[in-house]
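Peer 1: Provided herewith is a single structure, encoded as structure tokens, for subsequent inquiry.
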Amino acid sequence: MGLFGVIALVVNVASARVRLFSRNDAIGNAAVIIAAGLVAWTATPWPDLVVAVVIAGLFLQSSWAIINHARHDLKVVRSSA
């Protein structure tokens, strides 16, 4: 799990300049790597569960921002038409 997290992190950091979701993926990959280490160290699933909740919150927040931007863009298009 940690190895795939590192590979995904490298790919997502390389493309993070372009897209919001790539930035979130990079943050998520870093969190997964940390959680993998903590799960191995503590021998409990709690670090993984905490990271899952944090990542879900991050994606919900960014989804809300994308929806708000899309709604604003639709208002601008409708008012100019």
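Peer 1: Among the listed residues Val11, Val32, Val53, which satisfies the condition of being among the aliphatic types (A, V, I, L, M) and touching a helix residue (DSSP H, G or I) at 6+ places or on another chain (Cβ under 6 Å)?
Peer 2: Checking each option against the conditions leaves just Val32.
Peer 1: Within the chain, which helices (runs of 4 or more DSSP H) (wholly inside it) include 1 or more residues that are loosely packed, with under 10 Cβ neighbours inside 10 Å and either at pLDDT below 90 or at positive phi (or both)?
Peer 2: Hits in the chain: 2-15, 46-80.
The values are calculated or read from the model by the stated rules, or taken from the named source; none is laboratory data. A quick note: this is a predicted structure, and the numbers were derived from the prediction, not measured. Every residue, glycine among them, receives a Cβ derived from its backbone with ideal geometry; neighbour counts consider all protein chains shown.
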